[in-house]
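Participant: First the structure, which I've put down as structure tokens, then a few questions once you've had a look.
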Amino acid sequence: KGIPVLHQPEEASIITGYVNNGASFLRIPTESVTGDVQPLDRITWGVDIFTKRAKRRGDQELVIEALQRAVALADADSSGHYFSGFKAYDTWIGWLRDPERSKTLNFVGNGWIYCCLKSARLAAASYLDDAAHAFTGSTAQQLESAANAYRAISDKMVTPCDVAPGPWKIQESEWTQEMRNKEAQILTEVRDRERAAVDELRKVVATLVRT
């Protein structure tokens, strides 16, 4: 029916379909770094089903709203009790580089968030590719350019377990300052690339709002 289904194992994922006449569901995990669909092979904590399809709005309207939200989140210093946007990058990088502060970092959380960050940038690239189809001319080109920028960011982050390993890869005692410095170096370049990508989105929003 085209109605999305969210399910919660450790974190929320989205169920996109099923196989074998519904005997097995297909999902895109939150932590996926490829965006590939995978079978749901474990018991979930909960499932949210959206039973009513919302009235469809225009594609351009939805894209403008999404881009405005993305720029606002990038510029915000916090969201609730969490750092947000570039402030989050700066804080994370600073903590990784500080030998004393980095010892208190959450080992599991660091690896998990790195995976999610890479996955989210790949998702952004896919969304912007699709969004470009709703426009023509220079706006479509700008969105395609932003999509390529986010895809390059995801590629730059390489294999998460090699940069930000969690307990599924090594023991916490093996997580060295040298490894944290390497992660900080990659995140610094990722942050700078994302600033450029967000600036592209900012230009698109400014153009579309004027028209």
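Participant: Only one of (1) over 28 Å from residue 96 (Cβ atoms); (2) under 14 Å from the mean Cα position of the chain (by Cα) is not met by residue 125, so which one is it?
Facilitator: (1)
Participant: So, one more: Within the stretch 64-76, identify whether any single residue is at pLDDT 80 or above and assigned to a loop (DSSP other than H, G, I, E, B), and answer yes or no.
Facilitator: Yes, the conditions are met somewhere in the stretch 64-76.
Participant: Any idea how many residues of the stretch 162-200 are assigned to a loop (DSSP other than H, G, I, E, B) and basic (Lys, Arg)?
Facilitator: Residues that pass the stated criteria total 1.
Participant: Here's a check for you: in the stretch 97-114, which residue that is assigned to a helix (DSSP H, G or I) and open to solvent by 20 Å² or more (accessible area, probe 1.4 Å) is modelled with the lowest pLDDT?
Facilitator: 112
Participant: Which of the residues spanning the stretch 146-163 are modelled with pLDDT of 90 or more and either among the β-branched types (Val, Ile, Thr) or surrounded by 19 or more Cβ atoms within 10 Å (Cβ to Cβ) (or both)?
Facilitator: Across the stretch 146-163, the qualifying residues are 146, 147, 149, 150, 153, 154.
Participant: Given the conditions (1) assigned to a loop (DSSP other than H, G, I, E, B); (2) hydroxyl-bearing (Ser, Thr, Tyr); (3) at pLDDT 90 or above, report the number of the one that residue 89 does not fulfil.
Facilitator: Evaluating residue 89 over (1) assigned to a loop (DSSP other than H, G, I, E, B); (2) hydroxyl-bearing (Ser, Thr, Tyr); (3) at pLDDT 90 or above leaves (1) as the failure.
Residue by residue, here is whether (1) at pLDDT below 65; (2) of a type outside the set (Ser, Thr, Tyr) holds:
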| site | (1), (2) |
| --- | --- |
| 9 | yes, yes |
| 13 | no, no |
| 19 | no, yes |
| 22 | no, yes |
| 25 | no, yes |
| 28 | no, yes |
| 33 | yes, yes |
| 40 | no, yes |
| 43 | no, yes |
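Participant: So which residues in the stretch 164-190 are open to solvent by 40 Å² or more (accessible area, probe 1.4 Å), farther than 20 Å from residue 91 by Cα and without any contact (Cβ under 8 Å) to a residue 60 or more places away in the chain?
Facilitator: 168, 169, 171, 173, 174
Participant: Taking residue 203 as the residue in question, decide whether it is in a loop (DSSP other than H, G, I, E, B) and surrounded by fewer than 16 Cβ atoms within 10 Å (Cβ to Cβ).
Facilitator: No; evaluated as a whole, the condition is false for this residue.
Participant: Just name the residue that is surrounded by the fewest Cβ atoms within 10 Å (Cβ to Cβ) out of those in the stretch 120-142 that are assigned to a helix (DSSP H, G or I) and among the polar types (S, T, N, Q).
Facilitator: 138
The values are calculated or read from the model by the stated rules, or taken from the named source; none is laboratory data. Not measured: the values here are computed from a predicted model. Neighbour counts run over all protein chains shown; Cβ positions are idealised from the backbone, glycine included. Heavy atoms of the whole protein, side chains included, go into the accessibility calculation; ligands, DNA and RNA do not. Shrake-Rupley method; radii C 1.70, N 1.55, O 1.52, S 1.80 Å.
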